[in-house]
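Input: a single structure, listed below in structure tokens.
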Amino acid sequence: MNIDLIEEFLFDREKRVKNQENLFKNYKDKTLVTLRINYPGIEKSNYITDDIVSIIYNEILTYYKKYIVYNDRYKNKEGLVCHFIFDADFVSIKKLMIDIEEKHILGRCVDIDVYTMKNDNVIGISRSDLYKQPRKCFICDKDAKICSRAQSHNIEEIKKYFEEVYLKYKDYQKKRETLAYRISQIAVKAMISEVSTFPSFGLVSPISQGAHEDMNYYTFLDSAFAIAPFFKEMYNIGYSYHEPKYIFDAIREIGILCEHKMFEATNNINTHKGMIFLMGITIASLAKGTYNNRKFEDIQSIIKSMVNDILDDFKDIENKSELTHGEKLYIKYGFTGVRGQVKDGLSVLFNNIIDKYYDSDLSENDLYTQILIELLAIVEDSTIVYRHDINTLKQVQNDAKELLKIGGVYTSNGKIRILELENEYINKNISPGGCADLLAVTIFLITIKRASN
């Protein structure tokens, strides 16, 4: 055995421990997480082992970025070494890291150690501290420490395991990517179907700019294609063992990037900001349900669990110097807007519209106009209120209810009245933007429900 190599390995291990101590000097009262490959011997770095650590490193950053105040990674004789400082209690973080070790396909290939400070000393938190069973050997499923000490398995057996589990992850990744692309395309089609609907009560369509002077049909096409890749990424994030609330934290980060790309594509015109929020949560919830082999109907409960604390966005709102449109309406009218809609699991869609129309034999355009009427009748559309007032919203709701009474798109009188309201809303500068977003999500969900039956 190469003595120099052993000495270099031990020296790098000591440097890593010293580095951990130094991190605590700068981040007192925080939790430290160190990620390394769980590979025997002193030659730990190769293409597969380094990529495995990188995959888990990115996994932690993706889902827990909200709680991470510092992170870095470097390579030494121990292989790729990663450090995270969490602004959260060590017990909660240890539980999350155990989840990765036990539930991620590659979790058994890494060691994720969690440390805290006690009496000015860095101490590790073990699985037994949380009454968890010891980690099992990835070859024979016995206690990993016993197998390691006894050297029960040769390096070729372990190398083969790493190669097989790595290929298994790559197959999983390929399946996830395929699903994500397909779902993102359905979402884009739903958005284009929404903006292609006419009459649409003051909304932009191929026929008219509606009640908008700053955007047209092609603005929406540019926007839809610009944000499509982000919906694909949101599906990837949702297709996971992680708890829904952490998935939501992750897709909100993607949503911010998505908004920037939307504004780039539209020259700073807000075409789909609300859509990004609603469609993103719906896609991530669908992905989570698919991962867990849940039914279509379970999407609603997943949405609820994902955004359980969403109304916390309105906490301390009175202390903010700049308010969004939604926040202004919350203060003035108590409107919770899209946040309230997802908090309620999009019940306006699941309880009133999807089951009613998913097997309709109407043409696509007539179907979408009819669904839009249903939405106008019951949704507290904050876009209408922001552009006008609460009385205008009530009038729009009453108009829609009257339309439904006379048959909507199903009757000639209904179709005549729809065109009258289209022109009236354009003249009065009324645009039900909130209902437009919900229409697109409804089209998306109906498409998914049809495919699942």
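The values are calculated or read from the model by the stated rules, or taken from the named source; none is laboratory data. Because the structure is predicted, anything quoted here is derived from the model rather than measured. Neighbour counts are summed over all protein chains in view; Cβ atoms, including those assigned to glycine, are modelled from backbone coordinates with ideal geometry. These area figures cover heavy atoms from the full protein model, side chains too; ligands, DNA and RNA do not enter into them. Shrake-Rupley method; radii C 1.70, N 1.55, O 1.52, S 1.80 Å.
Say whether the condition of being among the aromatic types (F, W, Y), touching a residue at least 24 places away in the same chain (Cβ under 8 Å) and surrounded by fewer than 19 Cβ atoms within 10 Å (Cβ to Cβ) is met by at least one residue in the range 26-35.
Quick first cut of the range 26-35, residues among the aromatic types (F, W, Y) only: 27.
Next, from what is left, pick out any that are touching a residue at least 24 places away in the same chain (Cβ under 8 Å): 27.
Subsequent filtering for residues that are surrounded by fewer than 19 Cβ atoms within 10 Å (Cβ to Cβ) retains 27.
There is at least one residue in the range 26-35 that is among the aromatic types (F, W, Y), touching a residue at least 24 places away in the same chain (Cβ under 8 Å) and surrounded by fewer than 19 Cβ atoms within 10 Å (Cβ to Cβ).
If you go through the range 191-206 and keep only what is in contact with a Ser or Thr (Cβ under 9 Å, 6 or more places away or on another chain) and open to solvent by 30 Å² or more (accessible area, probe 1.4 Å), you end up with S196, F198, P206.
Taking L323 as the residue in question, decide whether it is over 18 Å from S431 (Cα atoms), open to solvent by 50 Å² or more (accessible area, probe 1.4 Å), among the hydrophobic types (A, V, I, L, M, F, W, C) and outside any helix (DSSP H, G or I).
Working: over 18 Å from S431 (Cα atoms): yes; open to solvent by 50 Å² or more (accessible area, probe 1.4 Å): yes; among the hydrophobic types (A, V, I, L, M, F, W, C): yes; outside any helix (DSSP H, G or I): yes.
Criteria met by L323.
Within the range 4-27, the presence of at least one residue that is part of a loop (DSSP other than H, G, I, E, B) and at pLDDT 90 or above is confirmed. Taking each residue of the range 331-348 that is over 19 Å from V441 (Cβ atoms) and looking for partners that are of a type in the set (D, E) and open to solvent by 20 Å² or more (accessible area, probe 1.4 Å) with beta-carbon atoms closer than 8 Å, six or more apart or interchain, yields I331/E318.
On the stretch given as the range 149-174, residues that are open to solvent by less than 80 Å² (accessible area, probe 1.4 Å) and of a type in the set (S, T, N, Q) total 2. Filtering the range 111-124 to residues that are more than 25 Å from the chain's Cα centre (by Cα) and of a type in the set (A, V, I, L, M) leaves V114, M117, V122, I123. Residues that are among the polar types (S, T, N, Q) and open to solvent by 10 Å² or more (accessible area, probe 1.4 Å) were ranked within the range 175-190; the one that is nearest to I418 (Cα to Cα) is Q185.
Cβ-Cβ below 9 Å, separation at least six or inter-chain, first residue in the range 126-150 and in contact (Cβ under 8 Å) with a residue 24 or more places away in the chain and aromatic (F, W, Y), second part of a loop (DSSP other than H, G, I, E, B) and surrounded by 12 or more Cβ atoms within 10 Å (Cβ to Cβ): which pairs? Every condition considered, the pairs that remain are F138/N38.
Restricted to the range 425-453, and to residues there that are part of a helix (DSSP H, G or I) and over 32 Å from the mean Cα position of the chain (by Cα), the residue that is surrounded by the fewest Cβ atoms within 10 Å (Cβ to Cβ) is N427. In this entry, E422 is excluded by the filter for residues that are of a type outside the set (A, V, I, L, M), open to solvent by 10 Å² or more (accessible area, probe 1.4 Å) and in a helix (DSSP H, G or I).
Among the residues of the range 330-351, those that are assigned to a loop (DSSP other than H, G, I, E, B), surrounded by 15 or more Cβ atoms within 10 Å (Cβ to Cβ) and at pLDDT below 90 comprise F335, T336. Would you point out the residue of the range 270-282, among those that are surrounded by 24 or more Cβ atoms within 10 Å (Cβ to Cβ) and of a type in the set (S, T, N, Q), that is nearest to the chain's Cα centre (by Cα)? Looking at the filtered set, the residue picked out is T282. Looking at the range 381-391, is at least one residue within 24 Å of F444 (Cβ to Cβ), at pLDDT 95 or above and either touching a Lys or Arg at 6+ places or on another chain (Cβ under 6 Å) or assigned to a helix (DSSP H, G or I) (or both)? No, that holds for no residue. Taking first residues from the range 273-295 that are in contact (Cβ under 8 Å) with a residue 60 or more places away in the chain and within 18 Å of A436 (Cβ to Cβ) and partners that are open to solvent by 40 Å² or more (accessible area, probe 1.4 Å) and part of a helix (DSSP H, G or I), the Cβ contacts under 6 Å between residues at least 6 apart in sequence or on separate chains come to G274/V338; F277/V338; L278/V338. Here S240 meets each of (1) open to solvent by less than 50 Å² (accessible area, probe 1.4 Å); (2) assigned to a helix (DSSP H, G or I) with one exception, condition (2). Does any residue of the range 124-139 turn out to be more than 21 Å from Y63 (Cβ to Cβ), open to solvent by 70 Å² or more (accessible area, probe 1.4 Å) and part of a helix (DSSP H, G or I)? Yes, some residue in the range 124-139 is more than 21 Å from Y63 (Cβ to Cβ), open to solvent by 70 Å² or more (accessible area, probe 1.4 Å) and part of a helix (DSSP H, G or I).
Name the residues in the range 90-123 that are of a type in the set (D, E, K, R), without any contact (Cβ under 8 Å) to a residue 12 or more places away in the chain and either surrounded by 16 or more Cβ atoms within 10 Å (Cβ to Cβ) or more than 30 Å from R176 (Cα to Cα) (or both), would you? Steps first, please.
Residues of the range 90-123 that are of a type in the set (D, E, K, R), as a first pass: 94-95, 99, 101-103, 108, 111, 113, 118, 120.
Filter again for without any contact (Cβ under 8 Å) to a residue 12 or more places away in the chain, leaving 102, 118, 120.
Scanning the range 90-123 gives K118, D120.
Scanning the range 363-403 for residues that are open to solvent by 40 Å² or more (accessible area, probe 1.4 Å) and aliphatic (A, V, I, L, M) yields a total of 2.
Condition check ((1) surrounded by 24 or more Cβ atoms within 10 Å (Cβ to Cβ); (2) assigned to a helix (DSSP H, G or I)) across all residues:
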{"site": "A226", "(1), (2)": "no, yes"}
{"site": "I247", "(1), (2)": "yes, yes"}
{"site": "L257", "(1), (2)": "no, yes"}
{"site": "N268", "(1), (2)": "no, no"}
{"site": "A284", "(1), (2)": "yes, yes"}
{"site": "I302", "(1), (2)": "no, yes"}
